[in-house]
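Computed from the coordinates by the stated procedures, all read-outs in this text should not be read as laboratory data. Every value quoted in this text rests on a predicted model; they were computed, and no experiment measured them. Methodologically, a virtual Cβ is constructed for each residue, glycine included, from the backbone with ideal geometry; neighbour enumeration extends over all protein chains shown.
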Amino acid sequence: MTEDIKINEELFSEIEKLKSELTENVIKIGRLRIEISLYEKDLHLMNLQLQNLCDEAEKIRTTEIDLKKKLDEEYGPCEYNFETGTVRKIQS
C-alpha cells in the first residue's frame, strides 16, 4: 500500500477556496432560478389578468355599440350629451 502525501498548504488553500466559490456560485444559481420561476408565475398571472381585462373591454365596446344603435333608432342622428342625458338633432 502506498503512503498518502499531504498537499502543500498553499495549493490546498486554493483548492478549498475554489470549492467554496463553486458552492456559493451553485447556491446563487439555484436562488436565481427560483426567483425566475416565481417571476414567470407572476407574469403568467398578470397576462391572464390582462387578457380578462381586454375581454371585458371588448364586451363593454360591444354593449356601447348596441346602446348607440338603440339611441339612433329612438332619436335618429343626434349628438349625445351623456353628462346631462340630452340629445341634439344633427342638422343636415
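Among Leu38, Leu22, Leu50, whose mean-square fluctuation peaks in a Gaussian network model of the chain (Cα, cutoff 10 Å)? Sorting by GNM fluctuation, first place goes to Leu22. Distance from the alpha carbon centroid of region 5-47 to that of region 68-92 works out to 68 angstrom.
Checking (i) 1.70; (ii) 1.82; (iii) 0.94 against the coordinates, the calculated Rg/Rh (Cα atoms, Kirkwood Rh) falls under label (i).
Residues whose amide H falls under 5 Å from that of Cys78, counting only those 5 or more places apart or on a different chain, are Ile90, with hydrogens built in the peptide plane. The count of lysine pairs in the chain whose Cα atoms are under 24 Å apart, excluding pairs fewer than 8 places apart on the same chain, comes to 11.
For region 31-36, the Karplus equation 6.51 cos²θ - 1.76 cosθ + 1.60, evaluated at θ = phi - 60°, returns couplings of 4, 5, 5, 5, 4, 4 Hz by residue, with Gly and Pro reported as x. When exposed loop sites are taken as GluC sites (Glu not before Pro) in a DSSP loop with at most 15 other Cβ atoms within 10 Å, the longest stretch of the chain clear of them is 4-82. The label point for Gln49 and the one for Lys68, both projected 7 Å from the Cα toward the Cβ, are 3.0 nm apart.
If only the Cβ of Lys and Arg carry +1 and only the Cβ of Asp and Glu carry -1, the dipole of the chain around its Cα centre is close to 620 debye. Rounded to whole numbers, the Karplus 3J(HN,Hα) couplings from phi for region 69-81 are 4, 4, 4, 5, 5, 7, 10, x, x, 9, 9, 9, 10 Hz, using 6.51 cos²θ - 1.76 cosθ + 1.60 with θ = phi - 60°, and x at Gly and Pro.
Fully extending the segment from Asp42 to Val87 would add 11.5 nm, taking 0.36 nm per residue of separation and subtracting the current Cα-Cα distance.
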